[in-house]
Amino acid sequence: MIPASAGEYESPSPPVPIVEMRGITKRFPGIVANDSISLTLGRGEILALLGENGAGKSTLMNILFGLYQPDEGEILVNGEPVTITGPKAAIRLGLGMVHQHFKLVQPFTVAENIVLGMEPKQGLRIDYRHAEREVAAISDRYGLRVEPRARIADISVGMQQRVEILKTLYRGAEILIFDEPTAVLTPQEIQELIAIMRKLVSEGKSIILITHKLKEIMAIADRVTVIRRGKVVGTVRTAETNPDALAALMVGREVSFRLDKPPVPAGAASKEPVLRVEDVTVRGRGGTPVLNGLSFEVYGGEILGIAGVDGNGQSELIEALAGLQTVDSGRITLAGREITNLSPRAAAEAGIGHIPEDRHKRGLVLDFSMSENLVLKSYYTPAYNRGGFLDYGAMDKQAGRLIGEFDVRTPGTHTPARALSGGNQQKAIIAREVDLDPDLLIAAQPTRGLDVGAIEFIHKRLLEQRSRGKAVLLISLELDEILQLSDRIAVIYEGRIVGIVDPASTSDRELGLMMAGSLRSGEADAAVSGAGGGAAHG
């Protein structure tokens, strides 16, 4: 077991090395992302690379894949020193990388994406039928079921990830780098991915897995190299450690996995719902209802968790509440005021805070500074707008306050959001939304892709909102998160709430059955009528 204190630990001997990185250093303006890092990947093993957001994991793997050049250090592949000038050079060396944000062309088919840049030819023309046969053969060999002719835009996120993996295998990869591969997957898809990785290793592949998820590391990795603030602090065998020890090594302090959820202070809980959603219908592209008569209520002083398999209407619900999606029928009220089909600005002014499920698309303007991002919802108000001109001094002052209060690690208020780690980007969004003091805070996938330290921080902030008598709507694919934080859990299936349960008296199994469409006796009627409640509401 690893001690909780920081320090350097001797690496256990790996199998025969296939990749060695020695003394890798990479500097960016104002920061040393990698500080003389050394690691070894053994042939036929899975090595997990663990660290906080911004610790330097992705930078290190981008160096290995040729996307960055190191300032110092050397790389050996199969015992030979190599210079990896770019991804093409990496691919020639047998390296492949499955990125966290997929590099797929949405209108293209699965086969077209997999062979892109290496298309089989018949004369001067691309032989797509041959490509489809090759894709089907690789798919069958590795148990990666895909439909070669399906368009990327029409398949699930989990299936898109399989396409990314097949892209690397099509190019002959023997060494695969997975960058946060489970950040956007459902629990079922995560289990499928673990099985796929085991199959790849059994076929002789070697894998480096970048992840924050300790449970997955313990399930799949042979060894773990831990990076903290750009330096390696230890490498251990998973069989000789545990999640508590790894978390302490990662963040430099003891991390509590037990969430302390205090009772809501007397008088903070509301007797009337803050949010009431009544028989709401939202139609998709083809006119088919995605939300189909959805009804539920959220009270002040409670966290209502929405549990469900991805694609059952969660995104449409979030967007309908935030003014980003048109409601075709039904009614939404906030503190007794109807807010159905308000604009996003009007919805925010009415008292809705929105932590979006995709922080890059909906939460931040990545090329804007932190000062600009932290006033995105209030820049037009007199506090920051003087006679039609932005008051940058006031914006910087506000940004400095929120950065300090929410522990957003950034070189300064003028740093672009793009330069921050995922965890610090998420903290910035939460700082902005909470500071607006909303009556309802929508927290959509609030800890997606974050490390244990950032997760702990965000959970505390959500519980603070609850303690202040605010209503919190938590939408998450992480069942552990839903069970720990929620006062009540509403299960969504095919655009309807099929049951509302008490987290203290339910289980993963029961929730799983409900998420698959099996109703808990007596709960469906209660859900549709808006009945039921947590401790504060009977």
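Of note:
- The single residue among GLY363, GLY330 that is over 23 Å from the mean Cα position of the chain (by Cα) and touching a residue at least 40 places away in the same chain (Cβ under 8 Å) turns out to be GLY330.
- ASN34 vs. criteria in contact with a His (Cβ under 8 Å, 6 or more places away or on another chain) and either in the same structural domain as ALA219 (by TED's automatic domain parsing) or not in a loop (DSSP other than H, G, I, E, B) (or both): no
- For ASN113, the conditions (1) touching a residue at least 40 places away in the same chain (Cβ under 8 Å); (2) in contact with a Lys or Arg (Cβ under 8 Å, 6 or more places away or on another chain); (3) closer than 23 Å to GLU240 by Cα all hold with the exception of (3).
- Leading residue by the ranking (nearest to THR211 (Cα to Cα)) among those in the stretch 166-193 that are β-branched (Val, Ile, Thr) and modelled with pLDDT under 90: THR182
- Some residue of the stretch 340-362 being under 29 Å from LEU513 (Cα atoms), modelled with pLDDT of 95 or more and in contact with a Ser or Thr (Cβ under 9 Å, 6 or more places away or on another chain): no
- Some residue of the stretch 113-130 being among the aromatic types (Phe, Trp, Tyr) and in a helix (DSSP H, G or I): yes
- Condition check for VAL327: in a strand (DSSP E or B), in contact with a helix residue (DSSP H, G or I) (Cβ under 6 Å, 6 or more places away or on another chain) and more than 25 Å from PRO503 (Cβ to Cβ): no
- Of the criteria (1) of a type in the set (Gly, Ala, Ser); (2) surrounded by 20 or more Cβ atoms within 10 Å (Cβ to Cβ); (3) under 24 Å from the mean Cα position of the chain (by Cα), which one SER507 fails: (2)
- Subset of the stretch 239-290 that is crowded, with 19+ Cβ neighbours inside 10 Å and of a type in the set (Ser, Thr, Tyr) - its residue that is modelled with the lowest pLDDT: SER270
- Condition check for GLU203: within 19 Å of the chain's Cα centre (by Cα) and not aliphatic (A, V, I, L, M): no
- Considering the stretch 97-139, the residues that are farther than 13 Å from VAL163 by Cβ and among the basic types (Lys, Arg) include one that is surrounded by the most Cβ atoms within 10 Å (Cβ to Cβ), namely ARG133.
- In the stretch 446-492, the qualifying residues are those that are touching a strand residue (DSSP E or B) at 6+ places or on another chain (Cβ under 9 Å) and of a type in the set (Ser, Thr, Tyr), and the one that is surrounded by the most Cβ atoms within 10 Å (Cβ to Cβ) is SER486.
- Matching residues, the stretch 402-432, being surrounded by fewer than 14 Cβ atoms within 10 Å (Cβ to Cβ) and in a helix (DSSP H, G or I): GLY404, GLU405, ARG418
- Residue within the stretch 84-93 that is closer than 23 Å to ILE37 by Cβ, charged (D, E, K, R) and not assigned by TED's automatic domain parsing to the domain that holds ARG151 present: no
The values are calculated or read from the model by the stated rules, or taken from the named source; none is laboratory data. All values derive from a computational prediction rather than experimental measurement. In this analysis, Cβ positions are derived from the backbone assuming ideal geometry, glycine residues included, and neighbour counts consider all displayed protein chains.
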